[in-house]
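So the structure is just underneath, and the comments pick up after that.
The values are calculated or read from the model by the stated rules, or taken from the named source; none is laboratory data. The structure presented is a predicted model; accordingly, all values stated were derived computationally and were not measured. Positions of Cβ are generated from backbone atoms using ideal geometry, with glycine treated the same way; all protein chains shown enter the neighbour counts. Areas reflect the complete protein model, heavy atoms only, side chains present, ligands, DNA and RNA absent. Shrake-Rupley method; radii C 1.70, N 1.55, O 1.52, S 1.80 Å.
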Amino acid sequence: MNAYDKTGIDDLPIREELKGKSPYGAPQLDVPVQLNTNENPYPLPEPLVARIAERVAEAARSLNRYPDRDAVELRTELARYLTRTGGHPVAVGNVWAANGSNEVLQQLLQTFGGPGRTAIGFEPSYSMHSLIARGTGTGWISGPRNEDFTIDVGAAEAAIAEHRPDVVFVTSPNNPTGTAVEAAVVERLYEAAQAAKPSLVVVDEAYVEFSHRASLLPLLEGRPHLVVSRTMSKAFGAAGLRLGYLAAHPAVVDAVQLVRLPYHLSAVTQATALAALEHTDTLLGYVEQLKAERDRLVAELRAAGYEVTESDANFVQFGRFPDTQEAWRKILDRGVLVRDNGVPGWLRVTAGTPEENDAFLDAVRELKKEQNA
Ligand SMILES: Cc1ncc(COP(=O)(O)O)c(C=O)c1O
């Protein structure tokens, strides 16, 4: 091509802490059964697709104008949804929305983290928490978990007291393990975080609609430094929409205004999300089917001789494998893509349609036979 060809990232004057690092990269492979990114396997129902087309056409008529910067109609409907399903009254002033909960989390770290500040998460957990910390110049502290992947509360309190982080991440249900966190645990971590700093505690509830347990939203009462983050990517089956949101004290919503880009949420996104919210009940019906499939996966994996971590999400962590990469490859050779999250001995499978789950179960049963032979 030309003389610029040999330039690599590290030859560019990028920030020191980004040198030699890799971007987020779940493999996007063209395989018959893709159960690796915790997506909802069901396409949106046709009546909803038609409603989206209608609402987007309406929005298109004023695309010459910037969208509602405060997304008031959408935040009102999200507040209504949370109030109806979360066991806690939520008003429009408690809600903020952005392009996926990843952007919500990024705005929180831009506001409450940043250079000279730190965030803690209890790992293994959602890898983007540490990546967003890195991207926002926030120092990252990896906190501990118990052998069974529950949070070791005593050790977590000690880590918070020692490091005095500015932001504490609690993921419930946790990704990649599926583990839900009890309200009492969040209460203790919140107390520890306030005593140490005080800091912001972010409860990431991306998968909560799939949980056996109730949402942690009621904990917002009397806790102005607590944030619950949510997404339409999983339960609403709308990962392609890119719509995440948070519920918190209105002061937190005011604070993130300081870093959000003006008009960050396009009119098309707002129209699409509003259409999806009109169909909440149908979409939550799919969630019930997925919960049943998740429970079937747990039972069948155990029957096939695998260890399984208790799951409250739309995915299941299973193992153990002496060589995780090899097991991942052998399942892939059978046409099924699962996820290796780098947790030694464990892989993660997303609950798909009954047919996809059957294909996965056939593959892992064969693998077990091969291992035992
Ligand atoms: C725990 C957790 N939080 C947040 C997200 C991000 O979701 P989105 O940015 O699609 O809303 C994910 C996606 O996999 C997740 O696993």
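Structure summary
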| read-out | value |
| --- | --- |
| From Leu78, Leu35, Leu74, residue being buried (at least 20 other Cβ atoms within 10 Å of the Cβ), within 16 Å of the ligand (Cβ to nearest atom) and over 24 Å from Tyr263 (Cα atoms) | Leu35 |
| Residues of segment 214-237 satisfying the condition of being open to solvent by less than 20 Å² (accessible area, probe 1.4 Å) and closer than 14 Å to Asn102 by Cβ | Ser229, Arg230, Thr231, Met232, Ser233 |
| Residue count for segment 254-299, restricted to those that are over 18 Å from Arg55 (Cβ atoms), aliphatic (A, V, I, L, M) and either touching a residue at least 12 places away in the same chain (Cβ under 8 Å) or assigned to a helix (DSSP H, G or I) (or both) | 11 |
| Residues of segment 110-127 that turn out to be within 15 Å of the ligand (Cβ to nearest atom) and either surrounded by fewer than 18 Cβ atoms within 10 Å (Cβ to Cβ) or under 13 Å from Leu258 (Cβ atoms) (or both), as a count | 1 |
| Selected residue (only one of Pro67, Pro27, Pro23, Pro89 is crowded, with 16+ Cβ neighbours inside 10 Å and assigned to a loop (DSSP other than H, G, I, E, B)) | Pro67 |
| Residue satisfying all of: in segment 38-63; under 21 Å from the mean Cα position of the chain (by Cα) and surrounded by 13 or more Cβ atoms within 10 Å (Cβ to Cβ); farthest from Ser127 (Cα to Cα) among these | Leu44 |
| Matching residues, segment 116-158, being out of contact with any Pro (no Cβ under 8 Å at 6 or more places or on another chain) and either on the phi > 0 side of the Ramachandran plot or in the same structural domain as Val343 (by TED's automatic domain parsing) (or both) | Gly116 |
| Residue identified as among the β-branched types (Val, Ile, Thr), open to solvent by 20 Å² or more (accessible area, probe 1.4 Å), away from the ligand (no atom under 12 Å from the Cβ) and more than 18 Å from Glu103 (Cβ to Cβ) among Thr272, Thr282 | Thr282 |
